[in-house]
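*Asks:* One structure follows; several queries about it will come next.
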Amino acid sequence: VHAEKNTEISSAEKIMSEEPQADDVASVTINGTTTGYADIANAFNAANGNTAAITIQQNCTLNQDVEINGGDITIYGQGYTVTSPSGTAITINGGIVGVHDFNYNSMHMLSVDKGTLNFYSGSASGIRCSGPDGTVNIYEGTFDAVNALWGGAIHWIPNSITIQESSLFMEPDSNHQLAAKVDQNRIVVGGNNITILPSWSSNNEDVVSV
């Protein structure tokens with residue numbers, strides 16, 4: 001019985017040592033190991049280049065520039081806000097970054113120069129995708145502005161697109177109006193709702209054209 005009690009105490013002490021501290025603003029999990037950080041920039045830097053999850057634990061301020069150069073990073077904002085004052089910014093320069101329920105309040109746009117940003121939910125003062133090696137996929141969110149420059153790609157991603165007809169037979173030289181239903185989350189840019197419209201094309205123009 002005495003040995004069992006000692007084991008229980010050791011396990012409890014181990015769990016307590018892994019719990020976030022009161023002054024931690026974020027935790028980073030890499031390869032099953034979670035570490036708390038009192039500085040949000042240090043949390044981003046620790047995740048950089050890794051397959052990692054960043055969990056924001058309270059509203060916080062970014063006091064230095066952050067650059068993501070690679071890795072597969074998921075940010076769970078939990079509704080908290082990272083504020084980036086004048087002189088600091090977050091730049092994605094490689095890898096894949098996905099954000100959920102993440103709010104970014106900044107004097108500067110969240111910049112994607114290379115790599116991919118998947119914005120699943122939350123808000124941002126602005127997002128800028130610069131250059132042909134950058135891609136931004138927006139599923140849901142509220143933004144003051146969203147810009148694509150120098151070949152950067154911005155995509156509005158719906159939940160689903162359903163075409164009215166699952167199949168269609170057409171006589172030569174005949175026409176038919178197709179209809180599609182788009183299911184999407186709310187996306188607001190500059191106070192305006194974004195409506196996602198389907199883009200139609202034919203993979204064989206010799207058979208059918210759009």
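The values are calculated or read from the model by the stated rules, or taken from the named source; none is laboratory data. What you see is a predicted model; the values in this text were computed from it and never measured. Cβ sites come from the backbone with ideal geometry, for glycine too, and all protein chains shown count toward neighbours. Note: areas computed on protein heavy atoms with side chains; ligands, DNA, RNA excluded. Shrake-Rupley method; radii C 1.70, N 1.55, O 1.52, S 1.80 Å.
*Asks:* Return the residues of the stretch 43-72 that are touching a strand residue (DSSP E or B) at 6+ places or on another chain (Cβ under 8 Å), of a type in the set (S, T, N, Q) and within 20 Å of S111 (Cβ to Cβ); say none if nothing qualifies.
*Replies:* N45, N48, T61, N69, listed by residue number.
*Asks:* If I go through the stretch 122-141 residue by residue, how many of them are surrounded by fewer than 22 Cβ atoms within 10 Å (Cβ to Cβ) and of a type in the set (V, I, T)?
*Replies:* Here the count works out to 1.
*Asks:* Within the stretch 22-42, track down each residue that is farther than 17 Å from N105 by Cβ, not in a loop (DSSP other than H, G, I, E, B) and not aromatic (F, W, Y).
*Replies:* S27, V28, T29, I30, T33, T34, T35, G36, N42
*Asks:* Moving on. Just to verify a result, which residue in the stretch 43-52, among those that are over 24 Å from S130 (Cβ atoms) and part of a helix (DSSP H, G or I), is least open to solvent (accessible area, probe 1.4 Å)?
*Replies:* Here the answer is A43.
*Asks:* Taking the stretch 154-175, which residues are among the aliphatic types (A, V, I, L, M) and not in a loop (DSSP other than H, G, I, E, B)? If you could, list the steps in order and put the result at the bottom.
*Replies:* Keep residues of the stretch 154-175 that are among the aliphatic types (A, V, I, L, M), which gives 154, 157, 161, 163, 168, 170.
Once the filter is applied, which keeps residues that are among the aliphatic types (A, V, I, L, M) and not in a loop (DSSP other than H, G, I, E, B), the stretch 154-175 yields I154, I161, I163.
*Asks:* Please find, among T83, T88, T55, the residue that is part of a loop (DSSP other than H, G, I, E, B) and either open to solvent by less than 40 Å² (accessible area, probe 1.4 Å) or modelled with pLDDT of 95 or more (or both).
*Replies:* T88
*Asks:* Could you list, in sequence order, all residues of the stretch 19-36 that are of a type in the set (A, V, I, L, M, F, W, C) and either at pLDDT below 95 or touching a His at 6+ places or on another chain (Cβ under 8 Å) (or both)? Reasoning before the result, please.
*Replies:* First, pick out the residues of the stretch 19-36 that are of a type in the set (A, V, I, L, M, F, W, C): 22, 25-26, 28, 30.
Result: A22, single match.
*Asks:* Kindly list, by first and then second residue, each pair from a residue in the stretch 159-172 that is open to solvent by less than 80 Å² (accessible area, probe 1.4 Å) to a residue that is of a type outside the set (A, V, I, L, M, F, W, C) and in a loop (DSSP other than H, G, I, E, B), limited to pairs with Cβ atoms under 6 Å and residues at least 6 apart or on different chains.
*Replies:* M170/H176
*Asks:* Before we move on, is D144 open to solvent by 60 Å² or more (accessible area, probe 1.4 Å) and part of a strand (DSSP E or B)?
*Replies:* yes
*Asks:* Looking at D113, D183, D144, D173, which is the one that is at positive phi and among the charged types (D, E, K, R)?
*Replies:* D173
*Asks:* Next question. If I go through the stretch 176-192 residue by residue, how many of them are open to solvent by 80 Å² or more (accessible area, probe 1.4 Å), at pLDDT 95 or above and assigned to a loop (DSSP other than H, G, I, E, B)?
*Replies:* 1
*Asks:* When you go through (1) without any contact (Cβ under 8 Å) to a residue 60 or more places away in the chain; (2) more than 17 Å from G94 (Cα to Cα); (3) of a type outside the set (A, V, I, L, M, F, W, C) one by one for T116, which number turns out not to apply?
*Replies:* (2)
*Asks:* Within the stretch 103-121, can one find any residue that is closer than 23 Å to T33 by Cα, in a strand (DSSP E or B) and open to solvent by 60 Å² or more (accessible area, probe 1.4 Å)?
*Replies:* Checking the stretch 103-121: not a single residue is closer than 23 Å to T33 by Cα, in a strand (DSSP E or B) and open to solvent by 60 Å² or more (accessible area, probe 1.4 Å).
*Asks:* Right, something else. Inspect the stretch 67-80 for any residue being hydrophobic (A, V, I, L, M, F, W, C), surrounded by 18 or more Cβ atoms within 10 Å (Cβ to Cβ) and outside any strand (DSSP E or B) and give the result as yes or no.
*Replies:* No, the stretch 67-80 has no match at all.
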